[in-house]
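Since the structure comes first, as structure tokens, the remarks are kept for the end.
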Amino acid sequence: MRKIIHCDCDCFFAAVEMRDNPEYRDIPLAVGGRSDRRGVIATCNYKARAFGVRSAMATAYALKLCPTLTVIPGQMEKYRQVSRQIMQIYREVTDNIEPLSLDEAYLDVSDSELFQGSATRIAEMLRCRVSEVTGITISAGVAPNKFLAKVASDWNKPDGLCVIRPDQVEEFVENLAVKKLHGVGSKTAEKLEVMGVTTCADLKKLSRVHLAEHFGRFGERLFELSRGVDNRAVVTQRVRKSISVEHTFSKDLKTIEESLSHIPELYLELQRRFSQLPGDRAIQGIFVKLKFNDFTQTTIEHRSTVHDESLYSGLMKQGYQRGNKPVRLLGLGFRLDNRETEALQQLSLWP
Ligand SMILES: [Mg+2]
């Protein structure tokens with residue numbers, strides 16, 4: 001039995017802006033694109049939500065719903081920085097973290113010994129810490145699996161906590177509307193409603209075969225979700241897209257010849273690391289990175305399923321010409337072909 005916490009910041013981008021600008025705190029506020037440029041709302045605060053404003057809504061439409069809405073452009077770098085701070089707090093508790101976006105993550109605390117293994121108290125502690133350190137509130141859901149933890153974090157939003165204990169799963173899920181299930185969009189919800197299904201209790205009455213007939217493979221998933229079953233693991237490492245080695249030289253490399261002379265050792269190390277990747281991996285491209293002594297940098301790529309030293313020499317010459325000044329760092333890499341890995345991952349065969 002797993003113990004999963006889903007942490008989700010409350011109206012994240014808007015919350016950061018309200019934290020830093022007191023004048024935004026008591027007015028309907030949204031971070032998003034301009035209405036005259038067909039912009040959309042990225043996030044809005046709760047004052048704006050009261051007017052029906054939602055994320056992904058066209059800004060022009062949002063302004064119709066809420067004429068007093070203040071729409072400001074986002075400062076992504078700032079949000080990234082706050083996000084890093086928050087993820088760092090999560091990391092104090094566990095390394096088993098799966099970030100879903102800048103402001104959302106799953107934590108698997110099954111093996112944690114903090115608070116005698118009480119996931120509820122760990123979640124409370126995380127909520128306090130994040131608010132103390134960053135001034136941003138988060139909502140947390142605690143449950144035996146990812147699906148329920150995510151539903152739970154939304155339950156008492158904002159600044160809330162919701163715990164679904166294993167013995168509460170059955171009752172909780174039976175009362176859950178099917179549109180709350182991951183993957184059930186408005187179309188599927190409509191289709192289900194026609195079949196007389198609005199809650200998971202209704203859904204549970206349908207057989208596996210019946211669901212498969214109507215929804216194909218997703219029918220199987222619906223069968224499980226309606227019983228509160230979700231065996232997906234918290235995936236800490238996303239599929240690796242590339243692998244590279246790089247070296248910063250204590251003395252700048254003054255000529256192209258000097259740079260080329262380092263290819264053999266870097267290439268050897270790259271192949272060594274590549275051979276240590278799990279599974280049989282194929283490459284779909286190679287690249288060279290150069291950083292010059294003025295800290296400008298350039299990357300030269302070449303699509304290829306094969307690799308050898310001469311290909312790297314060619315790329316390095318091209319890269320060197322772009323800067324034509326002393327080099328402080330050289331890197332060689334492979335772009336990985338992930339089609340097979342991604343397919344395996346979808347079938348949950350990948351760790
Ligand atoms: Mg959020």
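The values are calculated or read from the model by the stated rules, or taken from the named source; none is laboratory data. What you see is a predicted model; the values in this text were computed from it and never measured. Ideal geometry is used to build each Cβ from the backbone, glycine not excepted, and the neighbour counts take in all protein chains shown.
Which of the residues belonging to the range 69-123 are farther than 27 Å from residue 230 by Cα and among the acidic types (Asp, Glu)?
77 - this is the single residue of the range 69-123 that is farther than 27 Å from residue 230 by Cα and among the acidic types (Asp, Glu).
Can you list the strands (runs of 3 or more DSSP E) found entirely within the range 1-52 that contain at least 3 residues being within 14 Å of the ligand (Cβ to nearest atom)?
The qualifying strands (runs of 3 or more DSSP E) are 4-9, 41-44.
Please verify whether residue 143 is surrounded by 17 or more Cβ atoms within 10 Å (Cβ to Cβ), more than 16 Å from the ligand (Cβ to nearest atom), at pLDDT 95 or above and of a type in the set (Gly, Ala, Ser), treating the condition exactly as stated.
Taking the combined requirement at face value, the residue satisfies it.
Report, by residue number, each residue of the range 250-306 that is among the charged types (D, E, K, R) and within 27 Å of residue 338 (Cα to Cα).
The answer is 265, 269, 272, 273, 280, 281, 289, 301, 303.
Output the number of residues of the range 53-71 satisfying the condition of being β-branched (Val, Ile, Thr) and either assigned to a helix (DSSP H, G or I) or at positive phi (or both).
1
Which of the residues spanning the range 163-184 are surrounded by 17 or more Cβ atoms within 10 Å (Cβ to Cβ) and more than 22 Å from the chain's Cα centre (by Cα)?
163, 164, 169, 172, 173, 176, 178
Can you find even one residue in the range 41-48 that is more than 26 Å from the chain's Cα centre (by Cα) and without any contact (Cβ under 8 Å) to a residue 24 or more places away in the chain?
yes
Only strands (runs of 3 or more DSSP E) wholly contained in the range 89-188 count here; list those with 3 or more residues that are in contact (Cβ under 8 Å) with a residue 24 or more places away in the chain.
104-108, 138-143
Which condition number in (1) modelled with pLDDT of 95 or more; (2) more than 24 Å from residue 21 (Cβ to Cβ); (3) more than 16 Å from the ligand (Cβ to nearest atom) is the one that residue 107 fails?
Single failed check for residue 107: (3).
Out of the residues in the range 150-190 that are acidic (Asp, Glu) and in contact with a helix residue (DSSP H, G or I) (Cβ under 9 Å, 6 or more places away or on another chain), which is farthest from residue 125 (Cα to Cα)?
The qualifying residue farthest from residue 125 (Cα to Cα) is 174.
How many residues does the range 41-50 contain that are out of contact with any Phe, Trp or Tyr (no Cβ under 7 Å at 6 or more places or on another chain) and buried (at least 17 other Cβ atoms within 10 Å of the Cβ)?
Final tally of qualifying residues: 6.
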